[in-house]
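To start, the structure itself, in structure tokens.
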Amino acid sequence: MATRSEYATRPRERIAGVLRGARRFFSAAEVHRELTAQHVRVALSTVYRTLEHLREKGEATIRVDDTGEATYMFCEPAQHHHHAICNGCGRVEDVDCSAVEQFADSLRNLHGFLLDAHTMEFYGRCAACR
Ligand SMILES: [Zn+2]
Ligand SMILES: [Zn+2]
Ligand SMILES: [Zn+2]
């Protein structure tokens, strides 16, 4: 029999499970739809809250698209990397991009500009969609 605390953590695990299930960004509504399909009953507001919690813990990466909608993805946290996003299926590849880091060096050397942070995404077609 499940204890009280197991009940409390279950929605979070299920939500994290959806994110881990595919290498793409999910909106809260998509996660909710996915869980409903798995017969997991959880309020949309819980999904929103949990996704935000996962982000705060560094277990999910947030991305806000052109329409202002926030989407989340499970991402190996610690290491800095970039994303190549497929326009066809939405699949996300983690890409190491040393060329971008070299560009940061040249900004400093040529312009005396010290880069604190940068974000960069690449869009195209994955191997399966090409
Ligand atoms: Zn990533
Ligand atoms: Zn970078
Ligand atoms: Zn694709």
note = Taking R0 as 41 Å and r as the Cβ-Cβ distance between E101 and H39, the FRET efficiency 1/(1 + (r/R0)^6), rounded to the nearest 0.05, comes to 0.35
query = Which shape class applies to the range 82-124: rounded if a/c is under 1.5, otherwise prolate when a/b exceeds b/c and oblate if not, where a ≥ b ≥ c are the square roots of the Cα gyration tensor eigenvalues?
reply = prolate
Approximate shape of the chain as ellipsoid semi-axes (Cα gyration tensor, √5λ), whole Å, largest first = 33, 18, 12
message = No partner Cβ under 4.7 angstrom, meaning no disulfide-compatible partner by this rule: which Cys of the chain qualify?
response = C75, C89, C97, C129
query = What is the set of long-range amide H partners of C126 at a cut-off below 5 Å, with H atoms built 1.01 Å from backbone N?
reply = N87, G88, C89
key: DSSP H segments from the chain that extend 15 Å or more along their own axis, Cα-based, with Kyte-Doolittle mean of -1.0 or above   = 44-56, 98-111
request  = Return the Cα extents of the range 4-74 along principal axes one, two and three, sorted largest first, each rounded to a whole Å.
outcome  = 40, 26, 21
task = Could I have the simple spin-label model distance between K57 and F113, label points 7 Å from Cα toward Cβ, reported in nm to one decimal?
result = 3.8
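Coordinate-derived values only; no laboratory data. Please read these numbers as outputs of a predicted model, since none were measured by experiment. Counting neighbours? That spans all protein chains shown, and the Cβs are built from the backbone with ideal geometry, glycine included.
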